[in-house]
Amino acid sequence: MRTEFLAGRTLPFSLLLAAALSVSACATQKNVRGYVVDEEVMSSIQPGVDNRTSVTRMLGTPSLSSTFDSNTWYYVSTQTSKFAFFREKPTGRKILQIRFADGGEVEEVQEYSLADARDINPRNAKTPTRGKKLGFFEQIFGNIGRFSGVPGGPQGPGR
């Protein structure tokens with residue numbers, strides 16, 4: 001009678017234990033990517049005082065520079081969190097934008113955060129291409145007979 005009592009409780013206990021271990025394995029993962037922000041160093045950059053060399057010495061090379069204007073540098077840091085197998089979500093972002101004058105001295109320092117981000121809706125439209133549209137079999141068998149292995153033949157050298 002005692003073994004029957006234990007056998008009846010073993011299955012629910014093992015299921016409960018498996019569920020508890022599974023849930024504990026699903027901890028939230030937090031990541032920081034990009035430039036690690038040092039507020040004190042960031043706030044010490046002064047327009048008209050610092051230049052490209054001093055900014056590089058203090059902050060290192062930028063994460064990226066502007067596509068259309070090489071006088072604008074960006075230092076980007078993103079914090080994300082992810083729970084179990086779900087999609088990673090940004091929890092914080094800090095972007096330091098430094099604009100230089102033509103002479104190389106700092107002209108403007110701007111700071112952006114995740115609150116400044118905007119959603120965009122990219123278009124899924126396709127650009128039409130010119131030319132003949134070929135079907136499946138035309139693509140496979142279209143070149144049969146177009147080439148000649150004989151030098152000087154219809155498609156050989158010299159033509």
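The values are calculated or read from the model by the stated rules, or taken from the named source; none is laboratory data. Because the structure is predicted, anything quoted here is derived from the model rather than measured. With ideal geometry, Cβ positions are generated from the backbone for all residues, glycine too; neighbour counts draw on all protein chains shown.
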Checklist entry - When you look at LEU16, is it modelled with pLDDT under 65 and of a type outside the set (Phe, Trp, Tyr), yes or no? => result no
Checklist outcome for this item: So, first residue in contact (Cβ under 8 Å) with a residue 12 or more places away in the chain and closer than 14 Å to GLU111 by Cβ in segment 34-52, second residue of a type in the set (Val, Ile, Thr) and loosely packed, with under 10 Cβ neighbours inside 10 Å, Cβ within less than 7 Å, six or more apart or across chains; the pairs are none
Checklist entry - Is segment 73-94 home to any residue that is among the basic types (Lys, Arg) and over 24 Å from ASN31 (Cα atoms)? => result no
Checklist entry - Is it true that some residue in segment 46-57 is hydrophobic (A, V, I, L, M, F, W, C) and either more than 26 Å from the chain's Cα centre (by Cα) or assigned to a helix (DSSP H, G or I) (or both)? => result yes
Checklist entry - Tally time: how many residues in segment 78-98 are over 18 Å from VAL41 (Cβ atoms), of a type outside the set (Phe, Trp, Tyr) and either free of Cβ contacts under 8 Å to residues at least 24 places away in the same chain or not in a loop (DSSP other than H, G, I, E, B) (or both)? => result 11
Checklist entry - Could you say whether any residue in segment 65-74 is buried (at least 16 other Cβ atoms within 10 Å of the Cβ), in contact (Cβ under 8 Å) with a residue 40 or more places away in the chain and within 18 Å of VAL41 (Cα to Cα)? => result no
Next on the checklist: If I filter segment 99-117 for residues that are touching a strand residue (DSSP E or B) at 6+ places or on another chain (Cβ under 6 Å), assigned to a loop (DSSP other than H, G, I, E, B) and surrounded by 12 or more Cβ atoms within 10 Å (Cβ to Cβ), do I get at least one hit?
Outcome noted: yes
Next on the checklist: Name the single residue that is nearest to PRO90 (Cα to Cα) among those in segment 119-145 being among the small types (Gly, Ala, Ser) and more than 39 Å from the chain's Cα centre (by Cα).
Outcome noted: GLY142
